[in-house]
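> Questions regarding the structure given below will be posed in turn.
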Amino acid sequence: MMRSRAALGYLLGFVGVVIFSGTLPATRVAVATLDPWFVTFGRAAIAGLCAALVLLVLRRPLPARGTLKTLGLIGVMVTIGFPGFMGLAMTTVPAAHGGVVLGILPLMTAVVSALWHGVRPSPLFWLLSVIGAGIVVGFSLRSGGGHLEAGDAFLFVAAISAAVGYVLSAQLARTMPGWEVISWVCLIMLPVTIPLSFVWWPPDLAAVTTTGWIALAYLALFSQFIGFFAWNAGLALGGVAGVSQIQLLQTFFTIGFAALINGEAIGFDTLGVAMVIVGLLYLGRRV
């Protein structure tokens, strides 16, 4: 029974990683004919409406008043900060490039968690974090011909936003299911995301491609909502320590989707840096 439960956890964790791996390629498709900020607020608004329906059908009680501030801060980070700056980045850099840069996100999340909770990781962990950040910066400089692209700066801000949001979400997940955390986050942000979706509404709908709308739907339903259901359920069933290792594959899946969906040519340097980053993530989790 325990083995089947763990196996299901690993399967759900894998599904979550595959869903999240398509986020950057789908965003690059969406922002080709849609404003990045419309994509940001539109995906969050659609996810929020879905969340409202799920919470209503399941009759979930309102969260404690003391958690509302934290839910709001998570919302700013994961429904505006991360997707917004990621969308801006995808207008200037390839999705595969973004996948490598954001590959450092798990280590960055661990750093934010350590600072937030006053934990003191080992010196080796900090060394690995500095090396990882240095490699990502070096990769970005090489790709930008010796200088950082605006997209790289946007990706770094997006990563910081996501790391803070993930740490706060994990904190709330101790008192409520992970899927419920993201549902309340999306719902609480509706008074912001719906009006701003109309502010950045496309001025010429005829200019928006069908693939752009499909990409937006994917980002809203899967990247912003359903992906968290699968991932959080996987962590709960299979255990955080084991299932979280599957996330090491995300960078490679993102690179693969970038080649498949966006037609990007993947160089050996991109794959090499991705392998180094994944290796650092593995060592970082061990220490």
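The values are calculated or read from the model by the stated rules, or taken from the named source; none is laboratory data. All of these numbers come straight from a predicted model, not from anything done at the bench. Neighbour counts are summed over all protein chains in view; Cβ atoms, including those assigned to glycine, are modelled from backbone coordinates with ideal geometry. Each accessible area value is taken on the protein alone, full model and side chains, heavy atoms only, with ligands, DNA and RNA left out. Shrake-Rupley method; radii C 1.70, N 1.55, O 1.52, S 1.80 Å.
> Just to check, using Stokes-Einstein with a Kirkwood Rh over alpha carbon pairs, what's the diffusion coefficient of region 77-159 at 4 °C and 1.567 mPa s in µm²/s?
97
> Order the peptides 182-193, 78-89 from the highest to the lowest mean number of other Cβ atoms within 10 Å of their residues.
Ranking, from highest mean packing down: 78-89, 182-193.
> Shifting gears a bit: What part of the accessible area of the chain, given as a whole %, is carbon or sulfur when the probe is 1.4 angstrom?
C and S atoms contribute 72 percent here.
> Suppose all protein chains stay in the model; what accessible area per residue would a 1.4 Å probe give for the chain, in Å²?
47
> For Tyr282, tell me the accessible area in Å² from a 1.4 Å probe, rounded to the nearest 10.
100
> Just how large is the dipole of the chain about the Cα centre, in debye to the nearest 20, putting +1 at every Lys and Arg Cβ and -1 at every Asp and Glu Cβ?
That gives a dipole near 1040 debye.
> How large is ³J(HN,Hα) for each residue in region 214-228, as worked out from phi by the Karplus curve 6.51 cos²θ - 1.76 cosθ + 1.60 (θ = phi - 60°), to whole Hz, x for Gly and Pro?
Whole-Hz 3J(HN,Hα) from phi for region 214-228: 4, 4, 4, 4, 4, 4, 6, 7, 9, 4, 8, 9, 5, x, 5.
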